[in-house]
2 protein chains.
Amino acid sequence: MHRTRARLSDGREIVYYDELPGRVPVPDPRGLPPVEPVCEVRRDPLTGDHVTITAHRNTRTFLPPADQCPLCPGGPASEIPDPSYEVAVFENRFPSFDVRTPPVPPMVDGVERARGNGRCEVVCFTDDHAASMAVLPVSRVRAVVDAWADRTAELSAIPGVRQVFVFENRGVEIGVTLHHPHGQIYAYPFVTPRTERMLAMAAGRDLFGDVLAAERAGSRVVTAGEHWTAYVPAAARWPVEVHLMPHRHVPDLAALDDAERAELAVLYRDLLRRCDALYDDPLPYVAGWHQAPVGEGRDLVRLHLELFSVRRAPGKIKYLAGSESGMAAWINDVAPEAAAARLRDVTAGGAYG
Amino acid sequence: MHRTRARLSDGREIVYYDELPGRVPVPDPRGLPPVEPVCEVRRDPLTGDHVTITAHRNTRTFLPPADQCPLCPGGPASEIPDPSYEVAVFENRFPSFDVRTPPVPPMVDGVERARGNGRCEVVCFTDDHAASMAVLPVSRVRAVVDAWADRTAELSAIPGVRQVFVFENRGVEIGVTLHHPHGQIYAYPFVTPRTERMLAMAAGRDLFGDVLAAERAGSRVVTAGEHWTAYVPAAARWPVEVHLMPHRHVPDLAALDDAERAELAVLYRDLLRRCDALYDDPLPYVAGWHQAPVGEGRDLVRLHLELFSVRRAPGKIKYLAGSESGMAAWINDVAPEAAAARLRDVTAGGAYG
């Protein structure tokens, strides 16, 4: 794969990933003003969790014309100047974390603070606006996997970054406004609260190996290959939730070998097709790659995908109300065993002929 | 206040709270089949958090006619047989936790399990379908506070209950389908994940006293009285978030004295009115009372309200996407200091003449 770097008109980086060499990036004609992010991380004294305050994002002025997608290639409103691309990655114009964010005092009102150092990127999977990850050829899914791995390695090397999160939000039900197939990457300056919990549970044992072995022996496996197993976890929080875990203990996408990446491209696309076949229309979902922290705790966490959906029935979504959003106590109306059976039994290719 | 107990036709308990004695409950004419809840608690091996599986709730058959509210008094579809009431509390017909739920094996596929022992209640604040907590007279808000306190004491005494959560979900934006003013109570058989975090942070120090002192000295106080202070927390996760904390270290609503309850009724209603005055229409919100665990850790957690909203601008809501729902890493686009200034400056009575 060939990587070509360029800059957008406001100084943000854009990186093209191509099968063949020779891309000569088209300059960004927009003359955008410089990005001036203000991101601050505060540690909640009641829970110890890090919360990020990004007041600049609520006043977003960048609204492309309704008929112009900023992720379609070229054109006056596009974030991607080139007239065509395979996989393109660029720095988010409204980042939650950014290396350019100014310093903050380390303690105010008894609360630890830090500047939101890090980086947020947008990953475009294809220049075809009407496509989706599930309908791309396996070779393109593999190219996306390689791009994710390359971004993970590069963002992990930014001084101060503690964890890199690769994810895709899809569907208006979870607030997605850009329908062009894309995902995001957050490089956090802290270890996320969910991963902190995993680190606490993993201390002194092979937590992920144990969980994988138990799930493979259980009744919730959806599909599996030589290198990966997909299963609905025993304590699933969402009506649709699938984890995809590698059989080898690797910290992140960058550590996957060629055979693992090749199988992942096939299995991941199969999984998305199964999800889309559950109901009459494509499933809204969050697909998040949990990766080990950079530095301390790196050996304790195994790379894995957690994919979930708010859809609990055709036309019905699960809302997070008092118990979930107030107390973090999830109530799931769907038995994980039943969810696994449905995902196992759907014809993965059905929705795609 | 006078408490009157009765049973609905399927055996569920209903409790009326009245200013005057003498209520003679009307029998429930519906002849409902017995409630047969199946609630199972599983401990997520990756995080240690308890997740509750309630497969019986996804097949709810109880759908009242569209023109008949089950919380309006009397009538063939009502859950409250009496023709009028002040405050009425009854066991939820589709509970997430219930003392009647059958046993489960303690360990399956390496995952700890327990039956979802506990109790879920619905609390009706008024028999006036068109009212809301914010427009009720202070005397009725006080009656609701007294009912909450009484329910907390009673549910805490159920063998196996570890924490009682009193809350109100309001607004279609968070999935509320019954518009009649009401809240809920969950009596959990475990300490909720959010409270577990607070217990860890509170070990060996006066966490809540320290936080309250820092917030009272800071710039985010919204309103305060002799016994309570309302503030936007420094590390607020939501675009609108207010905590209301008592000045005295009490574990739960049942422990509040008369003066604290009296002031709470005034301040809580004032706070809701401020929230409703933020935008053109009433604010969708979750208002949750965090109470100390029953038993171990009881002295470490102070009663407080956490009220928050998904609304980040008129007509716009904050969606929980990858970072929040995948990693529990909240990104808040609104500075807590700005949110506090807005809540301080709105005329609380404005929306109500």
Legend entry - Gain upon complete extension [B:K316, B:A131; 0.36 nm per residue less C-alpha separation]: 64.1 nm
Inset, instruction - Output the relative contact order of region A:2-190, whole-number percent, from Cα pairs under 8 angstrom with separation of 6+ residues. - result: 20
Legend entry - chain A, relative contact order [Cα under 8 Å, separation at least 6], %: 14
Inset, instruction - Once you have a ≥ b ≥ c as the square roots of the Cα gyration tensor eigenvalues for region A:194-352, tell me rounded if a/c is under 1.5, and otherwise prolate or oblate according to whether a/b is larger than b/c. - result: oblate
Legend entry - Shortest-first nm distances, B:P102 label point to equivalent points in other copies (7 Å, Cα→Cβ): 6.5
Inset, instruction - Between copies, how far apart are the A:A213 label points? List them in nm, one decimal, shortest first, with each point 7 Å from Cα toward Cβ, please? - result: 5.0
Inset, instruction - Give the chain A residue with the shortest beta-carbon distance to the rotation axis relating chain A to chain B, plus that distance as a whole number of Å. - result: A:L320, 3
Legend entry - Highest-MSF residue in chain A out of A:D299, A:D276, A:D146 [GNM, Cα springs under 10 Å]: A:D299
Legend entry - For A:H227, B:H2, order by how many other beta-carbon atoms lie within 10 Å, fewest first: B:H2, A:H227
Inset, instruction - Can you tell me the FRET efficiency between B:R7 and A:H2 if r is taken as the Cβ-Cβ distance and R0 is 56 Å, rounded to the nearest 0.05? - result: 0.15
Legend entry - Centroid-to-centroid separation of region B:188-232 and region B:86-128 [C-alpha atoms, Å]: 27
Legend entry - Shortest-first distances to equivalent copies, position A:E36, nm, label 7 Å out along Cβ: 6.7
Legend entry - Three-way shape call for region A:114-226 based on the alpha-carbon gyration tensor, with the a/c threshold at 1.5: oblate
Inset, instruction - Give the span of chain B's Cα atoms along each principal axis, as three whole-Å numbers ordered largest to smallest. - result: 56, 56, 40
Inset, instruction - Counting other beta carbons within 10 Å of each Cβ, put A:M245, A:M107 in order, fewest first. - result: A:M107, A:M245
Inset, instruction - Round to the nearest 0.05 the FRET efficiency obtained for A:M107 and B:Q68 when R0 = 45 Å and r is the Cβ-Cβ distance. - result: 0.20
Inset, instruction - Mind listing the lone cysteines of chain A, meaning no other Cys beta-carbon sits under 4.7 Å from theirs? - result: A:C39, A:C120, A:C124, A:C275
Legend entry - Point-to-point label distance, A:E173-A:D257, nm (Cα→Cβ direction, 7 Å offset): 3.9
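Every number here is computed from the coordinates shown, using simple stated rules; none is lab data. Everything numeric in this text was worked out from a predicted model, so none of it was measured. Cβ: placed from backbone, ideal geometry, glycine included. Neighbour counts: every protein chain shown.
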